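FYI, it's all coordinate maths here, none of it is from the lab. The structure displayed is predicted, hence computed values, not measured ones. Cβ atoms come from the backbone with ideal geometry, glycine included; neighbour counts cover every protein chain shown.
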Amino acid sequence: MSLRTKIAAGALAGAMGMAGALVTWFEGRSLVAYLDPVGIPTLCDGITAGVSLGQTATDAECDALLAGELGAALAAVDRHTLHPQPDTRRAALASFTYNVGAGAFARSTLLRLLNAGDVAGACAELSRWVFAGGRELAGLVRRRAAERELCEVGL
């Protein structure tokens, strides 16, 4: 199934469904903790909080962790944006926030531009967030391109 198909299917569940499609597509799922490209212990669909190497989880546990973390990311987007956003943009921003953290989103130029009404400029900022550990990662380039495309729907 393509990413476009997953997002279209996720659209039935609104922003949460679309964001979930993005996150699971780009994070992948591992039931055993591993080190991500910058050396952070990671489990399930990119979960890092409280994870240690050797830790394991079931699919059901991963589903619950994903729902909780994605819900928190979407809540952070809604809390920090001053104007209502369409579900496509909320989904893109929730995927981004899930990946970089609510604090980074709250301090970002992206959010400042969005809140100032420069939606195109805000969406363009996503393309700048492709570095981890001081190096550009191809996976982040692809993820940000997909998030940006979804962010720009309707512009």
Among (i) 206; (ii) 399; (iii) 106, the entry derived from the coordinates for volume of the Cα convex hull per residue in Å³: (iii)
Derived scalar couplings ³J(HN,Hα) [segment 78-93; Karplus, 6.51 cos²θ - 1.76 cosθ + 1.60; whole Hz; x for Gly, Pro]: 5, 5, 8, 8, 8, 10, x, 10, x, 4, 4, 5, 4, 5, 4, 6
Any idea how far apart TYR34 and ARG142 come out in nm if each label point goes 7 Å out from Cα toward Cβ? 1.3
So, relative contact order of segment 1-132 in percent, Cα under 8 Å, 6 or more apart, is 19
Label point distance in nm, ASP78-MET1, each placed 7 Å from Cα along Cα→Cβ: 2.4
Here, ALA102 and LEU155, labelled 7 Å along Cα→Cβ, have an inter-label distance in nm of 2.6
To the nearest 500 deg cm²/dmol, what mean residue ellipticity at 222 nm is calculated for the chain from DSSP H runs of n ≥ 4 alone, each contributing -39,500 (n - 2.57), summed and divided by the residues? -18500 deg cm²/dmol
